[in-house]
1. Return the residues of region 207-224 that are more than 10 Å from the ligand (Cβ to nearest atom), loosely packed, with under 13 Cβ neighbours inside 10 Å and not β-branched (Val, Ile, Thr); say none if nothing qualifies.
2. Considering region 32-61 alone, what residues qualify as being part of a loop (DSSP other than H, G, I, E, B), surrounded by fewer than 21 Cβ atoms within 10 Å (Cβ to Cβ) and hydrophobic (A, V, I, L, M, F, W, C)?
3. For GLY232, work out the one condition from (1) over 21 Å from PRO137 (Cα atoms); (2) outside any helix (DSSP H, G or I); (3) away from the ligand (no atom under 16 Å from the Cβ) it doesn't fulfil.
4. Would you check which residues across region 1-34 are more than 20 Å from the chain's Cα centre (by Cα), closer than 25 Å to LEU233 by Cβ and of a type in the set (Asp, Glu) and list them?
5. For ALA174, all conditions in the list (1) small (Gly, Ala, Ser); (2) more than 24 Å from GLY42 (Cα to Cα); (3) in contact with a Pro (Cβ under 7 Å, 6 or more places away or on another chain) hold save one; what is the number of the exception?
6. Quick check on my filter: what residues within region 67-89 are under 20 Å from THR30 (Cβ atoms) and surrounded by fewer than 21 Cβ atoms within 10 Å (Cβ to Cβ)?
Amino acid sequence: MTNYIRLGVNIDHVATLRNARGGTHPDPFTIAQACVAAGADGITIHLREDRRHIRDADAIKICAEIPAPINLEMAATEEMTSIACQLKPHGVCIVPERRAEITTEGGLDVVSHQAELKPLIARLNAAGIVVSLFVDPEPAQLQAAVAVGAAVVELHTGAYANHKPGELARLTAAAALTTKLGLECHAGHGLTYENVTPVAALPEIRELNIGHYLMGEALLVGLPETIRHMKGLMEAARQG
Ligand code: PXP
């Protein structure tokens, strides 16, 4: 099914809600299980340097026990690279966490950080982890992603979601370029029922990672219904 587009569900906000009371409920692991049962193709978690939502114990259990590919978002640091090599998630998505690592729109500035990224990515690749870089839809960032050894880029859809003029055209051109460069193409940030269709329709995009909107909708209609509805919109977009 080459036309299939995967939905990765980001569950960081479940951990934020749990941490608000300092207890154990709601449990990100249990929610990850529910997401997979409802049809999520993967689970995305961001282990931040400050551990403000997902914590090490969450990441360990989720990577070990969830029966679906885990996408671990992380900063390009020594600490996170060591953790990832131990946890061995299916994939790692390197994201910026400090202002200095961010491009104008908010993706990782791969162009300016090639020397630091290359050895980290080589270690992750050697551990059998598929490495993705969260980048703005800019040709120079995609070319730099190839140069540092990433197999995947996740195109930052935040500017598109904020209605910035011309962003869908930039995403369309960037997605087409990924194929020419031999990169697998993912996308995410700020996607909703209202704006997902044009992005999901881009044939090069193999996966969308969506979190905040799904969790908000789940409060209204429940997680299974929310995931099924988003997947339905994505599948319909592929059929044109
Ligand atoms: N992809 C990446 C790399 C992200 O950092 C995030 C936000 O954590 C998302 C996707 C999901 O964004 P949203 O929560 O707006 O759907």
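Values in this text are rule-based calculations from the coordinates and carry no lab data. Everything numeric in this text was worked out from a predicted model, so none of it was measured. We place every Cβ from the backbone using ideal geometry, glycine too, and count neighbours over all the protein chains shown.
1. Hits for region 207-224 are LEU219, LEU220.
2. ALA38
3. Single failed check for GLY232: (2).
4. none
5. Evaluating ALA174 over (1) small (Gly, Ala, Ser); (2) more than 24 Å from GLY42 (Cα to Cα); (3) in contact with a Pro (Cβ under 7 Å, 6 or more places away or on another chain) leaves (2) as the failure.
6. Within region 67-89, the first condition is being under 20 Å from THR30 (Cβ atoms), and the residues that meet it are 67-72, 87, 89.
Within region 67-89, PRO67, ALA68, PRO69, LEU87 meet the criteria.
To keep it simple, each residue is scored yes or no on (1) assigned to a strand (DSSP E or B); (2) more than 13 Å from the ligand (Cβ to nearest atom); (3) in contact with a helix residue (DSSP H, G or I) (Cβ under 8 Å, 6 or more places away or on another chain).
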residue: PRO89; (1), (2), (3): no, yes, yes
residue: VAL92; (1), (2), (3): yes, no, yes
residue: ALA100; (1), (2), (3): no, yes, no
residue: SER112; (1), (2), (3): no, yes, no
residue: LEU124; (1), (2), (3): no, yes, yes
residue: LEU133; (1), (2), (3): yes, no, yes
residue: PRO137; (1), (2), (3): no, yes, yes
residue: LEU142; (1), (2), (3): no, yes, yes
residue: VAL146; (1), (2), (3): no, yes, yes
